[in-house]
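Colleague: Got a structure for you, questions after.
Here, each number is a calculation from the coordinates, and none is a lab measurement. Since this is a predicted model, take the numbers as computed values, not measurements. Methodologically, a virtual Cβ is constructed for each residue, glycine included, from the backbone with ideal geometry; neighbour enumeration extends over all protein chains shown.
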């Protein structure tokens, strides 16, 4: 049996609307599930890296860009609701213990 998971990761760029569209595309493409990622940027990346410059629509450092792309528990609850409505399972890979969602 083949089980296909669409890796959404943080490609939603912090947008719940974009995340929902990616879920819908995955479902209509025949994927069996979708997967997101969650991390505590302060725990996963070094201060030097997070303070490094990066021009983006969300700020001027790696920290600002990466924090913007992390969903909150409330946002993941909305993802759960959307996935249930679309009848597609979802899950999250956590990069650190603090990011585990219960």
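Colleague: Over the chain, calculate the relative contact order: mean separation of alpha carbon pairs under 8 Å at least 6 apart, over the residue count, as a percent. Write out the running numbers ahead of the final one.
Modeller: Working: 132 pairs, mean separation 35.3, N = 102.
RCO, the chain: 35 percent.
Colleague: As an exercise, use a Förster radius of 35 Å and the Cβ-Cβ distance of residue 95 and residue 2 to find the FRET efficiency, rounded to the nearest 0.05.
Modeller: Details: r = 27 Å, r/R0 = 0.76.
Using R0 = 35 Å, I get an efficiency of 0.85.
Colleague: Run the quick spin-label model on residue 56 and residue 77: label points 7 Å from Cα toward the beta carbon, then report their separation in nm to one decimal.
Modeller: Each label point is offset 7 Å from its Cα along the Cβ direction, giving 2.6 nm.
Colleague: Starting from 0.36 nm per residue, how many nanometres of slack lie between residue 43 and residue 25 once their C-alpha separation is accounted for? If you can, show how the numbers build up before the last one.
Modeller: On the way: separation 18, 0.36 × 18 = 6.48 nm, distance 3.20 nm.
Gain on stretching residue 43 to residue 25: 3.3 nm.
Colleague: Which one, (1) 37; (2) 41; (3) 30, gives percent of Cα pairs over 20 Å apart as derived from the coordinates shown?
Modeller: From the options (1) 37; (2) 41; (3) 30, the structure gives (2).
Colleague: Could you work out how far helix 16-28 tilts from the main Cα principal axis of the chain, as a 0 to 90 degree angle to the nearest 10?
Modeller: 40
Colleague: Considering only DSSP beta bridges with both partners in segment 5-97, what is the antiparallel share in %, to the nearest 5?
Modeller: Approximately 20 percent, going by the DSSP bridge assignments.
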